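Participant: Attaching a single structure in structure tokens format; questions to follow.
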Amino acid sequence: DPNSRRELHHVNSPLQIFVKAKKNINDIFGDISDYVVESTNFIEGLAQGHIDIVDKAETETFRGFVFKINNIREVLARDHMKVAFFGRTSNGKSSVINAMLRDKILPSGIGHTTNCFCQVEGVDGHDAYLMREGSEEKLNVTSIKQLANALCQEKLCESSLVRIFWPRERCSLLRDDVVFVDSPGVDVSQNLDDWIDNHCLNADVFVLVLNAESTMTLAEKSFFHEVSGKISKPNIFILNNRWDASASEPECQESKDALEKVKAQHQERCIDFLTKELKVSTVKEAEERVFFVSARETLQGRLQEANGLPAHTGALAEGFQSRYFEFQDFERKFEECISKSAVKTKFEQHSSRGKTIANDMRLMLDNIFERVNDLRNQKLEQKKFLTDKISTTETQLMVVTREMKMKIHNMVEEVEQKVSKALNE
Ligand code: GDP
């Protein structure tokens, strides 16, 4: 059953590393938030009390902690994994994205070249919609054709962004917070710099989609040179797409060796590009980053499977099965890479900021506690001094009383004597 198989894949997916980490860090910041709010209320209570322990600046700082924590929580809730696809027009970028999303979401094919950036992200609910950059208007998307027309008719600036919100329930990758970005072909743009600044700086993974029927072009290479100049060690995957077309070339049909030779050549060039030119990975890493696939076949196969049919009906194209597996292999490695990288780049900063805030707060609380302690000791001293004074007075009083008693006694005696003497006389 393709549905339960997909469900199982979803549960076992390496993307869960990110999903779980996101849940954990959100929970932790929820706890920190409760703690900070409680402490702030307490501090404010103290400030309003009669005893002069905390000053205004301190209460302000505490309020600042609440503000900071809330900000981090907001950013955290929005954090996602982002993958961006580049390559020349018609190499199959949109087809690769569709194959990964298991649905014809992005328009692909002749005449439907995307002339702006298209971002596909998950949304709750059943309806897909579209939003243009700088506008809050949600445009309904009922069909792929309509979406294609919308994207083509718009005279959009090529580095502007159209966001496509696709129901999470329809796709496990979107459910797990992966955001896909499709780009116009690197061959049509002069604004590579803007592209990188606007769309690439927060990408966790880049996928270079090549046409396996030709060699990598200068445009494709220079784009990634610029990327690796701005981002330290970007994660780059290379897909040699349309591998089905190469396999069906007459000379490759005649001999398997010919196809293997072409593959070895491509493989070597791609690995050299990643290791020697860009210096973004070791040979061992690069070997795990280069794949030979057919996005079109994979998408077709998956659509068939979703309808309960075998992935490939009709005449079996030579090598279909291995290309199909290679695409899955790519996805697995991609999922592992993107989730680990996103956890690091997205959460490392938050957790260190969280630690700094917790530390600052502890220092301030310690400080206040010390002051309270001093004050308490002072009061105790005062009390002791007073007590001492009282006891001295008591003793004095006692002495005085005793003296007075004696005096009175003597006086009475004297009076008595005097009286009796007087009486006798
Ligand atoms: P993009 O401009 O890079 O987004 O390319 P598209 O995804 O729009 O693909 C351009 C054309 O190539 C479309 O007609 C696709 O059907 C076709 N195409 C894409 N991937 C493959 C593939 O793996 N094999 C073959 N034979 N055709 C493909």
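Participant: For Gln253, state whether it is within 16 Å of the ligand (Cβ to nearest atom) and loosely packed, with under 13 Cβ neighbours inside 10 Å.
Facilitator: So Gln253 passes the test.
Participant: Is one or more of the residues making up the range 146-164 surrounded by fewer than 21 Cβ atoms within 10 Å (Cβ to Cβ), modelled with pLDDT of 80 or more, more than 25 Å from the chain's Cα centre (by Cα) and in a loop (DSSP other than H, G, I, E, B)?
Facilitator: Within the range 146-164, not a single residue is surrounded by fewer than 21 Cβ atoms within 10 Å (Cβ to Cβ), modelled with pLDDT of 80 or more, more than 25 Å from the chain's Cα centre (by Cα) and in a loop (DSSP other than H, G, I, E, B).
Participant: Under the condition of being in contact (Cβ under 8 Å) with a residue 40 or more places away in the chain and over 19 Å from Phe291 (Cβ atoms), which residue from the range 224-242 is farthest from the ligand (Cβ to nearest atom)?
Facilitator: So, considering only residues that are in contact (Cβ under 8 Å) with a residue 40 or more places away in the chain and over 19 Å from Phe291 (Cβ atoms), the one farthest from the ligand (Cβ to nearest atom) is Lys233.
Participant: Exactly one condition in (1) more than 18 Å from Glu213 (Cβ to Cβ); (2) away from the ligand (no atom under 16 Å from the Cβ) is false for Leu299; which is it?
Facilitator: With respect to (1) more than 18 Å from Glu213 (Cβ to Cβ); (2) away from the ligand (no atom under 16 Å from the Cβ), Leu299 is out only on (2).
Participant: Glu254 - would you say it is more than 20 Å from Val207 (Cα to Cα), free of Cβ contacts under 8 Å to residues at least 60 places away in the same chain and not polar (S, T, N, Q)?
Facilitator: Answer is yes for this residue.
Participant: Let me ask another. In the range 180-209, what count of residues is obtained for those that are within 16 Å of the ligand (Cβ to nearest atom) and outside any helix (DSSP H, G or I)?
Facilitator: Selection size over the range 180-209: 14.
Participant: For the range 32-56, give me each residue that is of a type outside the set (D, E, K, R), surrounded by fewer than 14 Cβ atoms within 10 Å (Cβ to Cβ) and not in a helix (DSSP H, G or I).
Facilitator: Result: Gly49, His50, Ile51.
Participant: Next question. Look through Ser228, Ser248, Ser222, Ser214 and report the one residue that is under 24 Å from the mean Cα position of the chain (by Cα) and farther than 19 Å from Phe330 by Cα.
Facilitator: Every option except Ser228 fails the conditions.
Participant: Of the residues Thr89, Thr59, which is farther than 22 Å from Ser339 by Cα, surrounded by fewer than 18 Cβ atoms within 10 Å (Cβ to Cβ), within 16 Å of the ligand (Cβ to nearest atom) and at pLDDT below 90?
Facilitator: Thr89
Participant: Another question, if that's okay. Give the residues of the range 326-360 that are of a type in the set (Ser, Thr, Tyr) and in contact with a helix residue (DSSP H, G or I) (Cβ under 7 Å, 6 or more places away or on another chain), sorted by residue number.
Facilitator: The answer is Ser339, Ser351.
Participant: Examine the range 121-133 for a residue that is within 16 Å of the ligand (Cβ to nearest atom) and either closer than 18 Å to Arg242 by Cα or surrounded by fewer than 18 Cβ atoms within 10 Å (Cβ to Cβ) (or both), and state whether such a residue exists.
Facilitator: There is no residue in the range 121-133 that is within 16 Å of the ligand (Cβ to nearest atom) and either closer than 18 Å to Arg242 by Cα or surrounded by fewer than 18 Cβ atoms within 10 Å (Cβ to Cβ) (or both).
Participant: Which of the residues spanning the range 76-86 are away from the ligand (no atom under 16 Å from the Cβ) and either at positive phi or surrounded by 14 or more Cβ atoms within 10 Å (Cβ to Cβ) (or both)?
Facilitator: Leu76, Asp79, His80, Met81, Lys82
Participant: For the subset of the range 165-191 comprising residues that are aliphatic (A, V, I, L, M) and modelled with pLDDT of 90 or more, which member is farthest from Ser339 (Cα to Cα)?
Facilitator: Among them, the one singled out is Val181.
Participant: Cβ-Cβ below 7 Å, separation at least six or inter-chain, first residue in the range 289-300 and farther than 16 Å from Pro107 by Cβ, second part of a loop (DSSP other than H, G, I, E, B) and near the ligand (Cβ under 8 Å from one of its atoms): which pairs?
Facilitator: The qualifying pairs are Ser294/Arg242.
The values are calculated or read from the model by the stated rules, or taken from the named source; none is laboratory data. Given the structure is predicted, the values throughout are model-derived calculations rather than measurements. Positions of Cβ are generated from backbone atoms using ideal geometry, with glycine treated the same way; all protein chains shown enter the neighbour counts.
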